[in-house]
1. What number goes with the only condition from (1) touching a residue at least 40 places away in the same chain (Cβ under 8 Å); (2) surrounded by 12 or more Cβ atoms within 10 Å (Cβ to Cβ); (3) farther than 18 Å from residue 28 by Cα that residue 74 does not pass?
2. Could you pull out the residue among 89, 109, 123 that is at pLDDT below 85 and under 35 Å from the mean Cα position of the chain (by Cα)?
3. Quick one: residue 82 ticks every box in (1) surrounded by 13 or more Cβ atoms within 10 Å (Cβ to Cβ); (2) free of Cβ contacts under 8 Å to residues at least 60 places away in the same chain bar one, so which box is it?
4. Quick check on the stretch 15-45: of everything there that is more than 19 Å from the chain's Cα centre (by Cα) and touching a residue at least 24 places away in the same chain (Cβ under 8 Å), which residue is nearest to residue 64 (Cα to Cα)?
5. Please find, within the stretch 2-14, the residue that is farthest from residue 80 (Cα to Cα) out of those that are part of a loop (DSSP other than H, G, I, E, B) and free of Cβ contacts under 8 Å to residues at least 40 places away in the same chain.
6. If I ask for residues that are at pLDDT below 70 and in a loop (DSSP other than H, G, I, E, B), which ones from the stretch 92-106 would you list?
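The values are calculated or read from the model by the stated rules, or taken from the named source; none is laboratory data. On a predicted model such as this, the values are computed, not experimentally measured, just so you know. In this analysis, Cβ positions are derived from the backbone assuming ideal geometry, glycine residues included, and neighbour counts consider all displayed protein chains.
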């Protein structure tokens, strides 16, 4: 089975075209080798998928006949993703939440309106 099909069947991507694009960009690897979308995958292959800053690693146990439900995905793959990969993702999200002190950085919408009012009074 093609790797792009398998990634779509196992619900790593919402569409097959997204899986194909991920392969073309080099986000899908087999034994540290970048895979093309048409590469055939066999049972017991170890696949690494980089998606949303997380390296998902899984072993193919069986090849599904069609796209499977989220509850039965584990019948076809063994998830080997490291637990700290998800913790790193959560901590990256927390770093984005920063309270800006008043007067620093870009003006807010309210600040911009006050500046515009001030400039109108100047004229």
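1. (1)
2. None of the other options fit; the residue is 89.
3. Result: residue 82 passes all but (1).
4. Among those residues, the one meeting the criterion is 41.
5. 14
6. Matches in the stretch 92-106: 96, 97, 98, 99, 100, 102, 103.
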